[in-house]
Amino acid sequence: MKILAVSGWSGAGKTTLIAALIPQLMARGISVSSVKHAHHGVTLDKPGKDSFVHAQAGAREVILTTQDGFALFSRQPAPLEALLARLAPVDLVLVEGFKAEPLPRLGVYRPVLGKPAPWPDDDLLAVAADVPLPDCPVPVLPLDKAGEIADFVISALGLNKPCNR
């Protein structure tokens, strides 16, 4: 599995870009999963529900399963490597956040936020931005063109699929 970190400041558009990028990659024959890192507390389950009660009673992990899929709830923090090991094999895992991980990275940057640029960064492959960035040392991709970004990601990570002829 190839991994691409998508990182940037809060409000830059990381989640919006990933949501647009996934169908573009899938349309090009690339299977995709994702891992999202949140810096703030998130309620992983609904208080009062049976699965929540199981966790409150001390279960280390709880799996909630339905006909539509399943969710694994754990109260134990896990490193990215352990989370990736839990995923079924796919061509590409998009990892939102995890700025400190040494992974190929797509920066999402909006100068209007007034935050520092995502470079220098030895892992930075490109920056998706909403304006030209003449001082950027890597390719700058239009943030609103998910198809172009998908093409770049496929090429940069060597995800080209052989033609089925």
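Things worth noting here:
- Folded to 0 to 90 degrees: helix 146-157 orientation relative to the chain principal axis, Cα: 90 degrees
- Residues with amide H under 5 Å from that of Ala128, placed H, sequence gap 5 or more: Gly107, Val108, Tyr109, Leu141
- Summarised in one figure, the compactness ratio Rg/Rh of the chain, Cα atoms and Kirkwood Rh, is 1.02.
- Sequence-distant lysines (8 or more away, or on other chains) whose Cα lies within less than 19 Å of Lys36: Lys2, Lys14, Lys99
- Amide H to amide H, with H built 1.01 Å from N, Ile3 comes under 5 Å of Val93, counting only residues 5 or more places away or on other chains.
- Close amide H partners of Glu96, meaning residues 5 or more places away or on another chain with modelled amide H under 5 Å apart, are Val6, Val35, Lys36, His37.
Any read-out appearing in this document is the output of simple, stated calculations on the displayed coordinates, not a laboratory observation. Small disclaimer: the values here were computed from a predicted structure and weren't measured.
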